[in-house]
Each structure stands twice: as structure tokens, then as C-alpha cells.
1. Return the total of residues in the range 98-125 being part of a helix (DSSP H, G or I) and over 12 Å from the mean Cα position of the chain (by Cα).
2. So M182 fits all but one of (1) at pLDDT 75 or above; (2) touching a Gly at 6+ places or on another chain (Cβ under 8 Å); what number is the exception?
3. Name the residue, out of V95, V81, that is within 19 Å of the chain's Cα centre (by Cα), farther than 12 Å from G123 by Cα, surrounded by fewer than 20 Cβ atoms within 10 Å (Cβ to Cβ) and in contact (Cβ under 8 Å) with a residue 24 or more places away in the chain.
4. Looking at the range 10-53, which of the residues that are without any contact (Cβ under 8 Å) to a residue 12 or more places away in the chain and within 19 Å of the chain's Cα centre (by Cα) is farthest from G114 (Cα to Cα)?
5. Scanning for something buried (at least 17 other Cβ atoms within 10 Å of the Cβ), charged (D, E, K, R) and part of a helix (DSSP H, G or I), does the range 69-76 turn up at least one residue?
6. When residues of the range 108-136 are filtered for being among the hydroxyl-bearing types (S, T, Y) and either more than 21 Å from V68 (Cβ to Cβ) or surrounded by fewer than 24 Cβ atoms within 10 Å (Cβ to Cβ) (or both), how many remain?
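The values are calculated or read from the model by the stated rules, or taken from the named source; none is laboratory data. Keep in mind the model is a prediction, meaning the values are calculated, not measured. All Cβ positions, glycine included, derive from the backbone under ideal geometry; neighbour counts span all protein chains shown.
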Amino acid sequence: MDSVSTVLNSVDISSLLLATVIAYTLGALPLADRLSRRRGVDIFAAGTGLAGSSNVMKSVGRISGSIVFLGDLAKGILAVVIAQALGVEGPWIVVPAAGAVVGHWNSVFTWLRGGDGLATLGGATLAVFGIAGFIGVAIAGIVAFGGQKMPYTSLMSVISGYVSIAIINAMNLGDMRTMFAMGTLAFIAFGHAVLGHARRRRGAMPGAEIAGAAEQLAK
């Protein structure tokens, strides 16, 4: 009980809630959707149906996809930086980081549609772990790019990235509780991405029913 009280007393709840709301709003900003529409493309009806940099790159163009990638990365970085400025530290930082990822998954600006949130997660990882995060994200990218034709490439990239961060963190006597919390979020995000792709292959587009009903009401 004492340990639970210590953990709860280590953060100001009002600051944590404010940081999480801000993080969700940042994550929900519909950069991919707005940029694609300016190019005459409905990103939710193109390619994989995801509002992410990969789909934008394939369906709209490399430049647009790169802008979306950097923007989604910035969402995660800003979410963590703002949370830290509000006094959120240690393993509690995973809460606003998760808020940014959830915002990217289910944006209120696009009728709860969005993308995988992996770039936003990458940005949060960079902000939380600094150089170790940069190395981990770089290793994950190399594994994902180099093993595109191998099975379970995405899973291996997530594992390799966070194992690298854990090793560097342990060598530098970093906070392993934060490492565990962010690692858990990473695997939840990966699981969400896998399940989402499986649903889309079966023809069920998450959020599509809500968006369709809203469009009918708007007519």
C-alpha cells in the first residue's frame, strides 16, 4: 500500500490530466487528412485507409508523406516536452505519450479515424529517452527497412528498438520503470496496428460507420 501511495503522490493529478488532454489534441491533429485533401485525395478511401505517412507517401506522394511523417513525429515529441514542462516525470510520462498515440488512432477531427500512431510513438520515445531513444528508433527503422520481405518485420523492429533502448538505459543506470512503461505502450501500439490491418483485410474500416453517418447528416 505504501508503494502505491508513493507512486500516486509522485505526480500532480491535475497536471497529468492537463498534459494528457494536450497530448491527445496534438495527436489528433489531422495533418495527413488535410494535406491529402489539398492534393485531391481522401486518404481514408485510398490505399490502406490509414491517415499515416506511409499511406500518404504511396497514395499522394513522397514529399507529402515525408511532411506527414515529420509532423506525426513532432506530435509525440511535443506531447512529452509539454508534459515534462508541466511537471510530469518518470513512468507517469507514458500517460501523455499514450494520449498522443490514442489521439492519432481516433481523432475527434476526423470522426474517430486516424493512423497507426507509430510515428507519434517514435517521437515520444525520442523525447523521453534522448540519445538512447534516437539510437533505438534508428535501429528499429533499419530492421524494418532491411527486413521488409521477412515475416514479422514490424514486430522484430519494435523488439529490437526497445531492447536497444533498455540496454543503453541499463548501462547508464536509467529509470527502468519508465523503460518498462514505454515498452508496454510500444507493444500495445504494435498490437493495435496488427489488429487494425487484420480488420481492414476483412473489409471492416474502424470509424467508417461513424464517418458515413456524419456525412449523411451533413447532406
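1. First, the residues of the range 98-125 that are part of a helix (DSSP H, G or I): 98-105, 108-110, 118-125.
Remaining after also requiring over 12 Å from the mean Cα position of the chain (by Cα): 108-110.
Number satisfying all stated conditions: 3.
2. Just one mismatch for M182, condition (2).
3. Result of the check over V95, V81: V95.
4. L17
5. Taking every residue of the range 69-76 in turn, at least one turns out to be buried (at least 17 other Cβ atoms within 10 Å of the Cβ), charged (D, E, K, R) and part of a helix (DSSP H, G or I).
6. Residues of the range 108-136 among the hydroxyl-bearing types (S, T, Y): 110, 120, 125.
Right, trim to either more than 21 Å from V68 (Cβ to Cβ) or surrounded by fewer than 24 Cβ atoms within 10 Å (Cβ to Cβ) (or both) and you get 110.
Summing the residues that are among the hydroxyl-bearing types (S, T, Y) and either more than 21 Å from V68 (Cβ to Cβ) or surrounded by fewer than 24 Cβ atoms within 10 Å (Cβ to Cβ) (or both) in the range 108-136 gives 1.
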